[in-house]
Ligand code: AMP
Ligand code: MG
């Protein structure tokens, strides 16, 4: 699925809006950071040789020649026997090689003098020009997901409009006679229809993966209606349909894809949930036929569509990490398929993460997904995974690992 795809295109955007976007070009520093040698403490800029060996009993006594605030420049070098009072971030004057923290200084009986009562800051507390970033260095590389620290680095380097990859536009069409969108909720109350929750959950998943969802709404299980509505997906970078790809009498989607000139390269995966997944191309872009069951739709999106979407979006790391967790209960597989089971994770007393199923694992039970921290990956063999065994898991977005507002109160 990922073989013939790559990032879509590049645009420039305001740095302040760039959180969550992906850098499209390496960022080379046009300035050095810090731009000058500066103090990392409030204190006194001195010569190391003047304060070495200083103690409370035998303090060094130095003449204070000036005060340098963070926004100021020194007016003259520090000579032997002299000190400049200096604030954090201020430029260290020529001659000085150490900044003695203010806590290690004391008043002197002589006005204009300072006593230094400790020598622990000899050759310390000076942040050198370029020690963070040196001009000309490649600081960030293309494919980096922009987080708060990257925004800070880009700002420090004056990158007001970083170059980022374009967000993939993803068409989402739900199929099913039984479905309505939220504006038709009356029919749900009347017991006649169900909400097309996939229209909303998949749009949210697309957004969370860095894409821009384009809703094509809901169509009934009618080949002409499906074909007609799919025409409006032209121009999108990826197409997702939900439902109608299984073996039921009304599962028309695959035939419609072919009738529109699309091609199907894959149908059915040895997994649960999500076995009816279909994949191919339509209108020149990747198409996923997601199964209609709400959990199947989200799990197959997660495993297959999300990585492809992230490749289109230029992510260097399209896949989520997997982790190892301890199973806290026995799990019996009902069929020799790879299972993706919804689980909660919690820290165990042994320092490892422990997993429990979120309860019944029906692919129609959307709360099994909304309660989950992770998908456990159970291979077809063995069909019984014993409590205490170690399994792989895919952590999902969420606040796993956070702590309650009042720790221990739950
Ligand atoms: P299908 O894949 O079309 O056979 O649908 C399988 C199951 O998923 C059926 O119970 C459908 O009612 C349900 N389903 C299909 N599409 C959606 C949707 N968009 N939102 C919520 N449930 C759906
Ligand atoms: Mg259906």
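The values are calculated or read from the model by the stated rules, or taken from the named source; none is laboratory data. Please read all numbers here as calculations on a predicted model, not as lab measurements. Note that we place each Cβ from the backbone using ideal geometry, even for glycine, and neighbour counts take in every protein chain shown.
Being in contact (Cβ under 8 Å) with a residue 12 or more places away in the chain and either within 23 Å of residue 9 (Cβ to Cβ) or touching a strand residue (DSSP E or B) at 6+ places or on another chain (Cβ under 6 Å) (or both) is the filter here, so list the residues in the stretch 207-220 that pass it.
At the first step, the residues of the stretch 207-220 found to be in contact (Cβ under 8 Å) with a residue 12 or more places away in the chain are 208-220.
Answer for the stretch 207-220, where residues must be in contact (Cβ under 8 Å) with a residue 12 or more places away in the chain and either within 23 Å of residue 9 (Cβ to Cβ) or touching a strand residue (DSSP E or B) at 6+ places or on another chain (Cβ under 6 Å) (or both): 208, 209, 210, 211, 212, 213, 214, 215, 216, 218, 219.
Exactly one condition in (1) within 16 Å of ligand 2 (Cβ to nearest atom); (2) in contact with a strand residue (DSSP E or B) (Cβ under 7 Å, 6 or more places away or on another chain) is false for residue 156; which is it?
(1)
Tell me, which residue of the stretch 123-161 that is within 17 Å of the chain's Cα centre (by Cα) and not in a helix (DSSP H, G or I) is nearest to residue 47 (Cα to Cα)?
140
Residue check: is residue 255 crowded, with 17+ Cβ neighbours inside 10 Å, over 30 Å from residue 22 (Cβ atoms) and within 16 Å of ligand 1 (Cβ to nearest atom)?
Details: crowded, with 17+ Cβ neighbours inside 10 Å: no; over 30 Å from residue 22 (Cβ atoms): yes; within 16 Å of ligand 1 (Cβ to nearest atom): yes.
It is false that residue 255 is crowded, with 17+ Cβ neighbours inside 10 Å, over 30 Å from residue 22 (Cβ atoms) and within 16 Å of ligand 1 (Cβ to nearest atom).
Mind checking whether some residue in the stretch 135-142 is more than 16 Å from ligand 1 (Cβ to nearest atom) and under 27 Å from residue 302 (Cα atoms)?
Taking every residue of the stretch 135-142 in turn, at least one turns out to be more than 16 Å from ligand 1 (Cβ to nearest atom) and under 27 Å from residue 302 (Cα atoms).
May I ask you to say which residue of 345, 309, 376, 400 is farther than 29 Å from residue 212 by Cα and within 21 Å of the chain's Cα centre (by Cα)? Please lay out each step first, then the result.
Working: 309 fails: farther than 29 Å from residue 212 by Cα; 376 fails: farther than 29 Å from residue 212 by Cα; 400 fails: farther than 29 Å from residue 212 by Cα.
Exactly one residue qualifies, and that residue is 345.
Quick check on my filter: what residues within the stretch 162-182 are part of a loop (DSSP other than H, G, I, E, B), buried (at least 18 other Cβ atoms within 10 Å of the Cβ) and within 15 Å of ligand 1 (Cβ to nearest atom)?
176
Give 297, 275 a once-over and let me know the one that is at pLDDT 95 or above, part of a helix (DSSP H, G or I) and within 16 Å of ligand 2 (Cβ to nearest atom).
On the way: 275 fails: part of a helix (DSSP H, G or I).
After ruling out the rest, the residue left standing is 297.
Restricted to the stretch 81-129, and to residues that are in contact with a helix residue (DSSP H, G or I) (Cβ under 8 Å, 6 or more places away or on another chain), closer than 15 Å to residue 48 by Cβ and in contact (Cβ under 8 Å) with a residue 60 or more places away in the chain, which residue is surrounded by the fewest Cβ atoms within 10 Å (Cβ to Cβ)?
That would be 123.
Okay, residues lined up against (1) more than 13 Å from ligand 1 (Cβ to nearest atom); (2) in a helix (DSSP H, G or I):
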{"residue": "184", "(1), (2)": "no, yes"}
{"residue": "187", "(1), (2)": "yes, yes"}
{"residue": "203", "(1), (2)": "no, yes"}
{"residue": "213", "(1), (2)": "yes, no"}
{"residue": "221", "(1), (2)": "no, no"}
{"residue": "226", "(1), (2)": "no, yes"}
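Let me confirm something: among 306, 310, which residue is out of contact with any strand residue (DSSP E or B) (no Cβ under 9 Å at 6 or more places or on another chain), closer than 30 Å to residue 143 by Cβ and buried (at least 19 other Cβ atoms within 10 Å of the Cβ)?
Result of the check over 306, 310: 306.
So how many residues does the stretch 232-251 have that are within 13 Å of ligand 2 (Cβ to nearest atom) and in contact (Cβ under 8 Å) with a residue 40 or more places away in the chain?
7
State all residues of the stretch 228-251 that are more than 10 Å from ligand 1 (Cβ to nearest atom), part of a loop (DSSP other than H, G, I, E, B) and in contact with a helix residue (DSSP H, G or I) (Cβ under 7 Å, 6 or more places away or on another chain); if no residue qualifies, say none.
Filtering the stretch 228-251 down to residues more than 10 Å from ligand 1 (Cβ to nearest atom) leaves 228-240, 249.
Retained after the next criterion (residues that are part of a loop (DSSP other than H, G, I, E, B)): 234-237, 249.
Across the stretch 228-251, the qualifying residue is only 237.
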